[in-house]
1. I need the calculated FRET efficiency for the pair Gln159 and Arg280, taking r as the beta carbon distance and R₀ as 45 Å, to the nearest 0.05.
2. Considering only protein heavy atoms and a probe of 1.4 Å, how much of the accessible area of region 380-496 is carbon and sulfur, as a whole percent?
3. Quick one: Kirkwood hydrodynamic radius for region 454-517, alpha-carbon pairs, angstrom, one decimal?
4. Please list 443-449, 226-232 highest first by mean number of surrounding beta-carbon atoms within 10 Å per residue.
5. For every other residue with a beta carbon closer than 13 angstrom to the beta carbon of Ile152, add +1 if it is Lys or Arg and -1 if Asp or Glu, then tell me the sum.
6. Which distance in nm do the two modelled labels at Tyr113 and Lys496 give, with both placed 7 Å along the Cα-to-Cβ direction?
7. When a/c reaches 1.5 or more, the comparison of a/b and b/c decides; with that in mind, is region 166-240 rounded, prolate or oblate per its Cα gyration tensor?
8. Taking amide H positions as placed 1.01 Å from N in the peptide plane, with prolines and chain starts having none, which residues 5 or more places from Phe175, or on another chain, fall under 5 Å of its amide H?
Amino acid sequence: MKTLRFVHSRLPLFPRSCQRPAVACRLLPTSHRGQPPVLQSNRSLALSASSLKNWKDLGSSSHTEEEEEDGDLLEETEVEELFQQHVPAGIGQGQHRVFIVHPDVKWGSRKQYLTTAELMMAEAEGLVNTLDNWTVVDKIILSTKTPEKKKIFGKGNFQLLTGKIRGTPGVTAVFVNVDRLSSVSEREFEETWGVKVFDRYSVVLHIFRCNARTKEAKLQISLAEIPLLRSRLKNDMADLDQQGGGARYIGGSGETLYEVQQRLLKERETRIRSALEKLRRKRHLLRSQRKHREFPTVSVLGYTNCGKTTLIKALTGDSGLQPRNQLFATLDVTVHAGQLPSHMTVLYVDTIGFLSQLPHQLIDSFSATLEDIIHSDLLVHVRDVSHPETVNQKANVLNVLRNLQIPHRLLDSMIEVHNKIDLLGREPCAVLISALQQRGLDELKRAVEQEVVKSTGKQILDLRVNLSSPQLSWLYKEATVQDVQVNAEEGSAVVKVIISAAAHGRYKKLFEKLRTMK
């Protein structure tokens, strides 16, 4: 019983109500058992006043399809239980007084060449300060030649660091500014320093957790937390082994405590992945509907807090968008309609922000969301050129895009936008804008239009129409009408349109048939 009490107190995955874990334990609610959960796509189909009626119809038709599949959807209470049931130990909603340690790698594959230790420390501080009730009490940059070692630092620097942490009053957590700590390193640090230890992975996940509002975000975060829970599980079981209980079998089930915990984690992961796979299929359906309506899609991406949402609000006039000056304020992909100078309607996709030094596991968890980027007609890369790390941020964004295997046609046609030029005394070569002050937007719209016409294969044509026929109204519905020159005497007009090859084929087939019938 002493061993089980230890397990209950240390291992949050182990339900307290279970008498026979191998038989009776369930990580998740048992309602809808056998039905894979699904996530309603969090599409903020936000429309400007000038948006087309058929875009509204697309939004309503998507809603209808989701309602039809409602029997397969994961209920809000189930998602919330899954999201809140197993928060990685030490994070929660409490407050922390954080000591930040940045290992300054002197050489080798882990050395950062496009930035400095001081700028990396500043970003780490920004991450901590993003969290409510988390404060930085002290920080230190220490050089290391052995970042791959268990203690990261050499003996002398590690002793210096330990003395500084122990000598700082009120420290409740240490943030080691590396992408991931091994379970061995984390355990070693926590035993030596006597406080919780976080890496960039766990801190960013906590920021995500605080900003999660939708089922989609909560499921993706729950999936991203699985590796963290596995790492913590190893450490907790090592503690249990030292007390002689880690290898014991539970209730005659033939499973050790560790095996039970691993099985529960695997079951949880399978359920989440099932939900996200159904989400991926639903996203594919929505993309197919947009393609059928022939709305070009422009994905707006960039480093976190570069101004993507502010830019989309400026381009679309969507008052429902409320940008926040905060890291990772956007976790859900949202779609917003806007018009280009030719009156062509395009859909701007607001994507999750990128960050340096994040493991592939975290990116993989958001793959369903990031998949929208791959299927876009055009990418717009927004850079905060007022930021001292802007060059490094660009490199990190491009690296993530390459890892996502973005098609070369999208990378080659990508428009780079330099935002926040109002904060600069110089003007670099790119599309220069200030989204906040709405400067440079007309030039950006023209650049977007040029690339969209090129990437979608649309044609700019002058078509002669008979005004007594439905040709003109058909073109207004199925194409982008730029100009109409009326010849009243002949009862005809020359219409300048931007039209897709498919729509032009339908136009010719329909109205050539009408002329033949006459």
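1. E between Gln159 and Arg280, to the nearest 0.05, is 0.35.
2. Of all accessible area on region 380-496, carbon and sulfur atoms account for 47 percent.
3. 12.1
4. So the peptides 443-449, 226-232, ranked by packing, come out 226-232, 443-449.
5. Local charge sum for Ile152: +2.
6. Computed distance between label sites Tyr113 and Lys496 equals 4.9 nm.
7. oblate
8. Those lying under 5 Å, H to H, from Phe175 are Phe99, Ile100, Val101, Phe198.
The values are calculated or read from the model by the stated rules, or taken from the named source; none is laboratory data. Given the structure is predicted, the values throughout are model-derived calculations rather than measurements. All Cβ positions, glycine included, derive from the backbone under ideal geometry; neighbour counts span all protein chains shown. Accessible surface is based on the protein model in full, side chains and every heavy atom, while ligands, DNA and RNA are left aside. Shrake-Rupley method; radii C 1.70, N 1.55, O 1.52, S 1.80 Å.
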